[in-house]
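One structure is given below, encoded as structure tokens.
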Amino acid sequence: MSFKSFALATTALLATSLVSAETLTVYTYDAFASEWGPGPKIKTNFEAQCGCELNFVALDSSVGILSRVQLEGEASEADVLLGLDLNVMEAAKQTGLLEKHSVDTSNVTTPGGWNDDNFVPFDQGYFAFIYDSEKLATAPTSLKDVVENQDLKVIYQDPRTSTPGLGLLLWMKAVYGDQAADAWAKLASHTVTVTKGWYDGYSLFLKGEADVVLSYTTSPAYHIVAEGEHKYKAAEASEGFYPQIEVAAVLENAPNKALAEQFMQFILEPGFQNVVATGNWMYPVMANVDPLPEAFTSQPQPTKVLTLDAEQVAQNRQAWINEWLEATTH
Amino acid sequence: MIFSSHLRPAWLGVAVYLVIAGAALVALLGYASPSDWGRYLADPYTWRVVRFSFTQASLSALLSILLAIPMASCLFHRRFIGRQTLLSLFAISMVVPTIVAILGIVVVYGRNSWFTSLFGVSFPLYGLGGILLAHVFFNMPLAVRVILQAYQLIPDAQWRLASQLGLSRWHVFRLIEWHYLKKNLPGLFLLIFMLCFSGFAVVLSLGGGPRSSTLEVAIYQALRFEFDLNKASYLSLLQVFICSLVALAVYKLVPAIRQDVSLYQGARLLMRSSRLAMLVDFGSLIIVLLWILPPFIAIFAPIVTPLFWQTLWQSDLWWSLWHSVRIALPSGVLALLIGLSIAALARALRWRRGGDGWAQKLEQSGNLVLMVPSLVLATGLFLMFRNIGISIKHAYWIVVWVNAVMALPFVLRAIMPTVYQQEKRFRHLYEQMNVVGLARLRMEWSQIRSAVAQGLAYAVLLSLGDLGVVALFGSKGLETLPMYLYQLIGSYRVEQGACVAVVLILLCLVLFSLINRLIGGRRVVV
């Protein structure tokens, strides 16, 4: 082998190894990246089109993603943050670490459409109280039913430590406004307990510790599809549901920005959107997807969606948490 | 003498520890601006939380110790079928993942529980009752084991004398056992107090509402939801301050402790049993069994389901098990090395003019890490590593070190009494013969190995059970068993999570007995 061909071969080898070494690092939460979550399929689908390697770093929660990036600051190795939600968007923007995206979100099906410079939504759902229809004869049909029925044993999550808990805080605010404190006090008198995270509350409910638990409208779909269990149902909410929308963003200092942008585009494509329903137990945000399993379409669909302005939420969150604390500890 | 060359490795160990703990604090305090603290101080909710935490932690610690004393005495004096199993269970109750323990307790005491179907009334689980139930479940077994260690320090001669004099169990307890136990109690009380004062998953889940809370909830909120490092450092300092006050009070209340010279240990002679002794032994055994066993049975129940065997076929389970062991073993060894360093310095200082106080301070510095919330320690270290430019790629070693530091209080509790005893016994001999460094270790090995094994085993177990640290630094190759468990529970798979918990507990049992067999030797009483 001549020196020239050797050099060529080495360069070719180096080049291929460089190309295959191109990796996209995505911070997400653990359930998303787990083997039964949507992560592995999305990885396969995206890698097939980008010829790169997609690396998920699984953090303990959606808030965990944000605080990890806050800790790492500009030195973060992440390209994309996947799994923040509506309520931490403002906090994430304030870090000043996010890049604007160039994705066309005009076809997104989130309530009221989507218009945000930094974030692209990837799935959606609604907070709801879940009950066991074999045990609860008369199910609540509104948030007011849950709050006022003193015989109903309720478990919800702490708004200081969990996302659904914060969701309920905003839902209550959207429904009750200035009367929220009274409503919290009424709810407190028949609350079993307020747990740290979603999983503690939900597993206590599954053990039969409460009549209803705060979760998502899509939770029953999991039990139907994965376990063939039809008894769990989401309670209707005549005042309207409060949405949960999960979003993604690119970091300004992303080591691999081009790939990151490509991934952001990919989020709204079928290769991603088709996976979220039975992978993440949430609704997709695009209409051009495979038909959803019946377990999803049979769940209560919101006739009305309540939302609070993101800026208003960011400004008042602490005050509302204090209001909740005052009302429930006195 | 204290600076002599053979103590240099010990100084190094202590220095590394102090640098890690100190740097974490400094890194976080760097973000503190005390001018805002007036506002925080005025918050009435914080003080309600402090009051509640103080009550629940004191009660938990007192209750655990009160139950543990007769239990330990019974376990020391009597042999019965299942004793060894019970002792092994006691070793691992501490590392049962909180959510799993809570679900176990709920199966026993909750709305559709064994308790309800047995007695027809429901147990008032949510509130102080549930919190105490869970905290005693976690900590009383720890207390029993720590107290049993103290029993090993009682010299043969005293038992022989007691046996010859025909003393009753009650007299033996009052004249001999209590004398040795009481030295351990203040430290033990503090350990349990701090564990209960700070941890918060139990308090939130079983507390019945935000009335039951701990300072760490606020710290968690400040760090995770608000990224308010200033508030987090204020709250952590408040916690350290309160715990230090309690520590001071506890050490002030108890009389000065005099170390005994004791010879040979671990022998067991039959004491005269009386009806009273039988009654107390039997009574405490029943209470403890009723408290500890039912939740354990509920926790182990998944083992008979087909799902458990399916879970064993998951390759992710074995990967996470491997990651757990890969972190826990080195971090246990590091914790032991740091612990032995502190012990070596403390024993050199003790019984020297003016050195006694320093020895105690050194020993108590190990407790400092218990007062600082693990999340704060980990966050501080994260910031420190960022500031000096160490990338998160080295997360593995960071996790190992943080876990080692966190386990230190347990290691110290296990090895210090034995080490002091050896020092007091052989000090003059060592000085005359100029026996230093490793030579001492070699001579003492047969006497201290069981304590060393115990310390190492606890450190390894704690690291196996860790979630907070590894979750914060989480990256590829660090998905441990507890993380896998929470992943499952976090995506509706509660039953499968329970199966993983069984695997985790079995792993703890295996490692605990392996370490105690291999290092502790055959003469282990516990």
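The values are calculated or read from the model by the stated rules, or taken from the named source; none is laboratory data. Predicted model only: the values in this text are computed from it and were never measured. Here Cβ is always computed from backbone atoms with ideal geometry, including for glycine, and neighbour counts include all displayed protein chains.
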Just one of B:L337, B:L321, B:L317 is at pLDDT 80 or above, within 14 Å of another protein chain (Cβ to nearest Cβ) and buried (at least 18 other Cβ atoms within 10 Å of the Cβ); which is it? B:L317
Among the numbered conditions (1) under 30 Å from A:G83 (Cβ atoms); (2) in the same structural domain as A:G201 (by TED's automatic domain parsing), tell me where A:T141 comes up short. (1)
Of B:S212, B:S262, the only residue that is small (G, A, S), at pLDDT 85 or above and surrounded by 14 or more Cβ atoms within 10 Å (Cβ to Cβ) is B:S212
The residue that is farthest from the chain's Cα centre (by Cα), considering only those in the stretch B:168-198 that are of a type in the set (S, T, Y) and assigned to a helix (DSSP H, G or I), is B:Y180
Would you please name the residue that is surrounded by the most Cβ atoms within 10 Å (Cβ to Cβ), looking only at residues in the stretch A:176-196 that are facing chain B (nearest Cβ under 8 Å) and not in a helix (DSSP H, G or I)? A:V194
Taking B:R493 and the conditions (1) in contact with a helix residue (DSSP H, G or I) (Cβ under 7 Å, 6 or more places away or on another chain); (2) buried (at least 18 other Cβ atoms within 10 Å of the Cβ), which numbered condition does it fall short on, given that it satisfies the others? (1)
Using the structure shown, decide if A:S203 is more than 23 Å from A:L86 (Cβ to Cβ), at pLDDT below 95 and under 20 Å from the mean Cα position of the chain (by Cα). yes
Scanning the stretch A:204-234 for residues that are surrounded by fewer than 23 Cβ atoms within 10 Å (Cβ to Cβ) and of a type in the set (A, V, I, L, M, F, W, C), the one farthest from A:W281 (Cα to Cα) turns out to be A:L206
Would you point out which residue out of B:A232, B:A201 is over 19 Å from the mean Cα position of the chain (by Cα) and either of a type in the set (S, T, Y) or more than 28 Å from B:M416 (Cβ to Cβ) (or both)? B:A232
Within the stretch B:446-463, can one find any residue that is within 14 Å of chain A (Cβ to nearest Cβ) and either in contact with a Pro (Cβ under 9 Å, 6 or more places away or on another chain) or modelled with pLDDT of 90 or more (or both)? no
Could you check the stretch A:33-58 and list, in sequence order, the residues that are facing chain B (nearest Cβ under 8 Å) and aliphatic (A, V, I, L, M)? A:V57, A:A58
Any residue at all in the stretch A:225-241 that is in a strand (DSSP E or B), touching a His at 6+ places or on another chain (Cβ under 7 Å) and more than 16 Å from A:M172 (Cα to Cα)? yes
Restricting the stretch A:224-240 to residues that are farther than 19 Å from A:L136 by Cβ and in contact with a helix residue (DSSP H, G or I) (Cβ under 8 Å, 6 or more places away or on another chain), the one farthest from the other protein chains (Cβ to nearest Cβ) turns out to be A:G240
Quick check on the stretch B:33-82: of everything there that is hydrophobic (A, V, I, L, M, F, W, C) and within 14 Å of chain A (Cβ to nearest Cβ), which residue is farthest from B:S233 (Cα to Cα)? B:F52
With the condition kept exactly as written, say whether any residue in the stretch B:120-137 is in a helix (DSSP H, G or I), more than 12 Å from chain A (Cβ to nearest Cβ) and more than 21 Å from the chain's Cα centre (by Cα). yes
In this structure, does A:T95 turn out to be more than 29 Å from A:A235 (Cβ to Cβ) and over 19 Å from the mean Cα position of the chain (by Cα)? yes
Tell me which residues, restricted to the stretch B:44-75, are crowded, with 19+ Cβ neighbours inside 10 Å and either within 27 Å of A:A327 (Cα to Cα) or aromatic (F, W, Y) (or both). B:V49, B:F52, B:S53, B:Q56, B:A57
Looking at the stretch A:177-200 only, could you name the residues that are more than 19 Å from the chain's Cα centre (by Cα) and without any contact (Cβ under 8 Å) to a residue 12 or more places away in the chain? A:G177, A:D178, A:Q179
Please go through (1) more than 29 Å from A:A78 (Cβ to Cβ); (2) in contact with a strand residue (DSSP E or B) (Cβ under 7 Å, 6 or more places away or on another chain); (3) within 11 Å of chain B (Cβ to nearest Cβ) for A:L206 and return the number of the only condition it doesn't satisfy. (2)
Scan the stretch A:30-52 and report the pairs whose first residue is more than 30 Å from B:G468 (Cβ to Cβ) and whose second residue is modelled with pLDDT under 90 and surrounded by 13 or more Cβ atoms within 10 Å (Cβ to Cβ), with Cβ atoms within less than 6 Å and a gap of 6+ or a chain change. A:C52/A:E22
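Conditions tested, residue by residue: (1) in a helix (DSSP H, G or I); (2) in the same structural domain as B:V369 (by TED's automatic domain parsing); (3) surrounded by 24 or more Cβ atoms within 10 Å (Cβ to Cβ).
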{"position": "B:L441", "(1), (2), (3)": "yes, yes, no"}
{"position": "B:W445", "(1), (2), (3)": "yes, yes, no"}
{"position": "B:R449", "(1), (2), (3)": "yes, yes, no"}
{"position": "B:Q454", "(1), (2), (3)": "yes, yes, yes"}
{"position": "B:V460", "(1), (2), (3)": "yes, yes, yes"}
{"position": "B:V469", "(1), (2), (3)": "yes, yes, yes"}
{"position": "B:S475", "(1), (2), (3)": "no, yes, no"}
{"position": "B:Y484", "(1), (2), (3)": "yes, yes, yes"}
Determine, yes or no, whether A:A221 is within 14 Å of chain B (Cβ to nearest Cβ), on the phi < 0 side of the Ramachandran plot, assigned to a helix (DSSP H, G or I) and at pLDDT 90 or above. yes
Within the stretch B:192-219, can you find the residues that are within 11 Å of chain A (Cβ to nearest Cβ), within 22 Å of B:A378 (Cβ to Cβ) and either free of Cβ contacts under 8 Å to residues at least 12 places away in the same chain or hydrophobic (A, V, I, L, M, F, W, C) (or both)? B:F200, B:A201, B:V202, B:V203, B:L204, B:V217, B:A218, B:I219
Evaluate the following for A:V285: is it touching a Lys or Arg at 6+ places or on another chain (Cβ under 9 Å) and either of a type in the set (V, I, T) or not assigned by TED's automatic domain parsing to the domain that holds A:Y232 (or both)? no
Given (1) assigned to a loop (DSSP other than H, G, I, E, B); (2) surrounded by 20 or more Cβ atoms within 10 Å (Cβ to Cβ); (3) not β-branched (V, I, T), where does B:N112 come up short, assuming only one miss? (2)
Does B:W313 meet the test of being without any contact (Cβ under 8 Å) to a residue 12 or more places away in the chain and on the phi < 0 side of the Ramachandran plot? yes
Quick count over the stretch A:290-315, residues being surrounded by 16 or more Cβ atoms within 10 Å (Cβ to Cβ) and within 14 Å of chain B (Cβ to nearest Cβ), is 3
